[in-house]
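Report on the following structure.
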Amino acid sequence: MKKSIFFSGMAALLLASCAGNSEQNKINEDSLKIADLTAEYEEATNFNDSLMLLMGDIYTGLDSINTQEGLLYNMGTGDNADRRAEIRRNLSSIKARLAANRQLLATMEAKVKAAGNENSVQAKTIAQLRQHIESQDAKIAQLESDLSQAKGQIEDLNNQVAETEEQVKIETAAKEEAQAATVAAENEANTVYYAIGSNKELKNKGLLEKKFLGATKVLKGNFDASYFVTADKRTLKSIPTNAKSIKIWTNMPEGSYRIVGEKNGPKTVEITDPAKFWSLANHLIIQTN
């Protein structure tokens, strides 16, 4: 009877021990599953976080491209080489960032495919982001093309401006030359000469010539032109002689001048009508006595 009770107790203990081991094994298995699930969750969370960060960076790149586009199209028609160079540097930086994002996106896409989740939200998001990157690449290429075209247009405009400026210089020079020629011709047309001297001085200079029993001739032969004073008939109003008695040898129209001065004082020839006075000759000879 005692033996029977002993073996029964031992069996109960063995059964209890086996039951405990089975329960512990189940707990251990559940713990491993929980740990795997936790790791998978953390990996998925990290993947999604990375995807969201990448998405934010891509959209930031789009904003940057739009900013450069605004800078390019608001430069105006003038040549702004510094602004164009700045835009080109910014676009190069954006392209480098897009290239890095494209590589990261390819890595993430490979992970999604390896996990067998091609139709997951992650896969669709990655495909949309790839389209955004391709769209931004195309926009950058267009902006770079527009930059080159803008430079060419500006160079053409600069060439046109240079040609116009050169043409203006030529036309201005021709106009100034014509004006100078006109002024010179006008000044020459209004240039007059007068000489004042005694009878002997005037004869010595060849201005008067009188032969024996002949009439006195005025400026008929070679004469000393340097003896004359050059003047402008537009401004010449009077000619002081410093002589008490004078005689005008050249044929100056009456009524176009008068001789003024005190009876015994020096005389002055006043020209009252310049156009008429110089109408017959542009040389005036005054003899002092």
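The numbers here are math on the coordinates, done by the rules we state, and not lab data. Keep in mind that what you see is a predicted model, and the values were worked out from it rather than measured. Glycine gets a Cβ as well: all are built from the backbone with ideal geometry, and neighbour counts include every protein chain shown.
Each label was represented as a point 7 Å from its Cα along the Cα-to-Cβ direction; for ARG234 and ALA189 these points are 1.0 nm apart. Taking amide H positions as modeled 1.01 Å from N, with prolines and chain starts lacking one, the residues under 5 Å from ALA195 and 5 or more places away or on another chain are VAL229, LEU284, ILE285, ILE286. Derived scalar couplings between HN and Hα for the range 272-289 equal 8, 9, x, 4, 6, 4, 9, 6, 9, 7, 10, 10, 10, 10, 10, 9, 9, 10 Hz in order, rounded to whole Hz, by the Karplus curve 6.51 cos²θ - 1.76 cosθ + 1.60 (θ = phi - 60°), x for Gly and Pro. In a DSSP loop and with at most 13 other Cβ atoms within 10 Å, the GluC sites (Glu not before Pro) in the range 192-267 are GLU254, GLU262.
Checking the table LYS175/LYS237; LYS217/LYS263; LYS111/LYS139; LYS237/LYS267; LYS203/LYS267 against a 26 Å threshold on Cα-Cα, which pairs fail? From the list (LYS175/LYS237; LYS217/LYS263; LYS111/LYS139; LYS237/LYS267; LYS203/LYS267), the Cα-Cα distance tops 26 Å for LYS175/LYS237; LYS217/LYS263; LYS111/LYS139. When only DSSP loop residues count, what chymotrypsin sites (Phe, Trp or Tyr not before Pro) in the range 174-247 have their Cβ near at most 12 other Cβ atoms within 10 Å? Sites meeting the loop and neighbour criteria: PHE212.
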